[in-house]
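Step one of this worksheet: look at the structure below.
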Amino acid sequence: MNTLLTNDLDIAKVREEFPILSRQVHGKPLVFLDNGASSQMPRSVQERIRLYHSNEHANVHRGVHYLSQTATDSYEKARVTVQNFIHAKHEEEIIWTSGTTDAINTVAASLAQFYFKEGDEILLTEMEHHANIVSWQIHAVSKGVKIKVIPVLDNGELDLDAFENLLTDKVKLVSLVHISNVLGTVNPVKFVIDRAHEKGIPVLVDGAQSTPHSKIDVQHLDCDFFVFSAHKMYGPTGVGVLYGKKEWLSKMPPVRGGGDMIMEVSFEKTTYNELPYKFEAGTPNISGAIGLGAAIEFIQSIGLEKMAAHEHDLLVYATSIIEPMQGISILGTAKEKASIISLIMDEIHPHDVGTILDMEGIAVRAGHHCAQPLMTRFGIPATSRASFAVYNTKEEIDALVQGLLKVQQIFA
Amino acid sequence: MSIGIYNDQITYHSKNPRNFGEMENADIKIKGHNPLCGDSFEFFIKLAENGTIDSVQFTGKGCAVSTASASMMTKAAKGKTLDEVETLFKEFQMMSTGKLDVDQEPNHLGHLTVFKSIKDFPVRVKCATLPWHTLHSAMIGQKTATTE
């Protein structure tokens, strides 16, 4: 199995870290290619969460007792791990959320309270996940804010000429996805941020798909907000991060009231806690935050660049085989592309593809991927999507290809 | 080749749907939509003078399971009374959700039992039942149907 050794990365050894990969599904070895939805958790993350529950669990920032302090230390240590991972300047710029969606909603609700005015515009892209569309509709459109959309070209890249034309003085925020969960397109976020900043417009970057695959340096990008989830980067579900520049977060009002986010409360008036706690009402997902810290340590133990190189190899390999196949086309052929392949099979519905592949033990995502406007743009109801992680192999891509041939045979 | 729910009859009907196309003099027109898959059909129903179903036709696009189910439903409903259609709807739904074992228990489903293994694919049950939900909605006087 020498193909398991690519870019000095021993994939067989990596796979051993993921107990779930050795199970069978419908009597076939599991081929897990739905990492864009949620990646699997390595032993080290599972073990760290178990250790927290068996040895450190108590509420954070509350008790004077030993365990509360232990839990608080682990929880705050994870915050620093995140800070270093995305190269944030200040620890208090890292806000724990329940995930990417929660993070976008928090920014939208807060900005709607003090920043947006009637007639303002928010600039999104045609390839946004529903989280980066509906949050603005709920919180900002009701205040008379308009949503404008940067179109997507046929190859899945952003229409940057249209972007420059849409970037008028009315625009008060640009919010865009770093890597498209459907097309795999890596958007030129640095370019978008620089252009927007020339006009003093802040930018939010949705990093749900980019944090598992690319080095993130929020200071270099100079983005005003960066949001992501733990469960797409080998961590647990139910936890994510809102990074915001301190200058923004300090002037933004909190959107949820409760414990931990206050300094002093009376029935007449409440003063809010300092950053980051102002945005963290209620008992947080302590084990989740610690789990995310462990997931980042897992990524760093392998090296993000090695992981990205391996995933790129898989993308190139899969594309080279699938692209020439009769009756199958790949949606999204951007020059800069992450390890995501959306497939369209002639006359065969993606849900039928997904069900038949599942019978072969192969897990892909079939559906609109929470990006219905993008589906409308390409005139399709859905796609079948294979998305790769560090533990995937070329043998698994061969299995996918055999599965696709079987789908074609069934409908031949 | 057959795998899971994709037996020969279902793949055949999905590729060659019967009674497919618009009906000009329909007594009832009704749309059925499954937001999960994006399945979207319109059914046209012509009633006979005695109140039975004269014919059903459909147009639209969907997955293989929903298309085959729609095709076979248009055949099954022909000439049936509204009560008989209602019985088929209920039995089809019970079969699809594992509440009716068509091999052991009496039923009126006939050829429609080719969908019996759909009960093993919970996320696809709505695909199979969408046409029946839509016909049922038409019978009770609703304008559209959705499986959500």
The stretch A:133-146 residues that are at positive phi, paired with ones that are open to solvent by less than 60 Å² (accessible area, probe 1.4 Å) (beta carbon under 9 Å, 6 or more apart):
A:GLY144/A:PHE116; A:GLY144/A:GLY119; A:GLY144/A:ASP120
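Kindly indicate whether any position in the stretch B:120-132 is assigned to a helix (DSSP H, G or I), β-branched (Val, Ile, Thr), under 11 Å from the mean Cα position of the chain (by Cα) and crowded, with 16+ Cβ neighbours inside 10 Å.
Start the filter on the stretch B:120-132 by keeping residues that are assigned to a helix (DSSP H, G or I), which leaves B:120, B:122-132.
Those still in the list that are β-branched (Val, Ile, Thr) too: B:123, B:125, B:129.
Still in the list and also under 11 Å from the mean Cα position of the chain (by Cα): B:129.
Then drop every residue that is not crowded, with 16+ Cβ neighbours inside 10 Å, which leaves B:129.
Yes, the stretch B:120-132 contains at least one residue that is assigned to a helix (DSSP H, G or I), β-branched (Val, Ile, Thr), under 11 Å from the mean Cα position of the chain (by Cα) and crowded, with 16+ Cβ neighbours inside 10 Å.
If you check B:LYS126, B:LYS61, which single one turns out to be touching a residue at least 60 places away in the same chain (Cβ under 8 Å), among the charged types (D, E, K, R) and within 14 Å of chain A (Cβ to nearest Cβ)? Walk me through how you get there before you give the answer.
Numbers: B:LYS61 fails: touching a residue at least 60 places away in the same chain (Cβ under 8 Å).
None of the others qualify; the one that does is B:LYS126.
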Residue under evaluation B:VAL123, criteria (1) out of contact with any strand residue (DSSP E or B) (no Cβ under 6 Å at 6 or more places or on another chain); (2) within 17 Å of B:PRO17 (Cβ to Cβ), criterion not met
(2)
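Quick test for you: out of A:VAL390, A:VAL401, pick the one residue that is in contact with a His (Cβ under 9 Å, 6 or more places away or on another chain), β-branched (Val, Ile, Thr) and either touching a residue at least 40 places away in the same chain (Cβ under 8 Å) or outside the structural domain of A:ASP10 (by TED's automatic domain parsing) (or both). Write out each step before concluding.
Details: A:VAL401 fails: in contact with a His (Cβ under 9 Å, 6 or more places away or on another chain).
Matching residue, one of A:VAL390, A:VAL401: A:VAL390.
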Select, from A:THR211, A:THR271, A:THR283, the only residue that is surrounded by 20 or more Cβ atoms within 10 Å (Cβ to Cβ), among the β-branched types (Val, Ile, Thr) and either over 20 Å from A:ILE104 (Cβ atoms) or at pLDDT 95 or above (or both).
A:THR211
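Is it true that A:GLU396 is open to solvent by 40 Å² or more (accessible area, probe 1.4 Å), under 25 Å from A:TYR234 (Cα atoms) and more than 10 Å from chain B (Cβ to nearest Cβ)?
no
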Within the stretch A:270-305, take every residue that is in a helix (DSSP H, G or I) and among the aromatic types (Phe, Trp, Tyr) and give me the one that is farthest from A:TYR52 (Cα to Cα).
A:PHE279
Selection count where residues are within 28 Å of B:ASP83 (Cβ to Cβ) and crowded, with 18+ Cβ neighbours inside 10 Å, scope the stretch B:29-57
13
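The values are calculated or read from the model by the stated rules, or taken from the named source; none is laboratory data. Note that the coordinates shown come from a computational prediction; the quantities given were computed from them, not determined experimentally. Positions of Cβ are generated from backbone atoms using ideal geometry, with glycine treated the same way; all protein chains shown enter the neighbour counts. Remember, those area values only see protein heavy atoms, side chains included, never the ligands or the DNA or RNA. Shrake-Rupley method; radii C 1.70, N 1.55, O 1.52, S 1.80 Å.
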